[in-house]
Structures are given as structure tokens and as C-alpha cells.
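Some notes on the structure that comes next.
What follows draws every value from the coordinates through simple rules; no lab data is involved. Since this is a predicted model, take the numbers as computed values, not measurements. Backbone-built Cβ (ideal geometry, glycine too); neighbour counts: all protein chains shown.
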Amino acid sequence: MAEPGHQGRALQCRPVQPIRLCPVRHRPVADDGRPADEMVHANPAVSRRAFDLLRGQKSWYQIGGGHFGLLYHPSALFAEASRVQADFLAGHPLAPGVA
């Protein structure tokens, strides 16, 4: 299907590579590294590389439990992840008017 204004031509898009956006991101970021991520194609080295490319305030926290392990409430892992995230957010309030 053609996009409006393209006179019947199909819109051509290149594959998106989100890691290319990391150097231009300046918002505070907290990331939790999961060396045993059960998501297909998840790569902890790529996650860490993307994190390292981010500019601005950031925090990396190595945590176990894989990708879905943090979802189970109540659990010690959920409590640990929640505490780390809450501490980060408390220390990095958004500027007034920023959503």
C-alpha cells in the first residue's frame, strides 16, 4: 500500500537499529543486566554495549532471574529489582515540565 503523497510508490524503509540512537539519548537511564536472559536472541554483551553508548546519568545493575524472573510478585528477586529501580528514580527526578 502506498503512503499518502508518494503517488502510488511503496514507502521504502531501512531496518531500524535502536543501538544507533544510544549516543543521542541524554535522559537518566537505569538498566539491569541479566546474564541468563531466556529471551530468544537476547545478548547480554549487546545490552551492555548499548548501555555504554548512552550519554547522561545512568546506572547498571547486574541481577539474576532472567528476563521474566523479575515479574513474579511476591519474590525476593522482584523486591530487589523494585528497590534498585525506586532508588534510581528517587535520585534522578525529572525536570519540571518533562514527561
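Some notes on this structure:
- Its relative contact order, with pairs defined as Cα atoms under 8 Å and 6+ residues apart, puts the range 29-91 at 39 percent.
- Nearest-20 debye value, the range 29-91 charge dipole, Cβ charges on Lys, Arg, Asp, Glu: 200
- Spacing of the modelled spin labels on TYR61 and ASN43, each 7 Å from Cα toward Cβ, amounts to 2.7 nm.
- Taking all Cα-Cα distances within the range 29-91, those exceeding 15 Å account for 53%.
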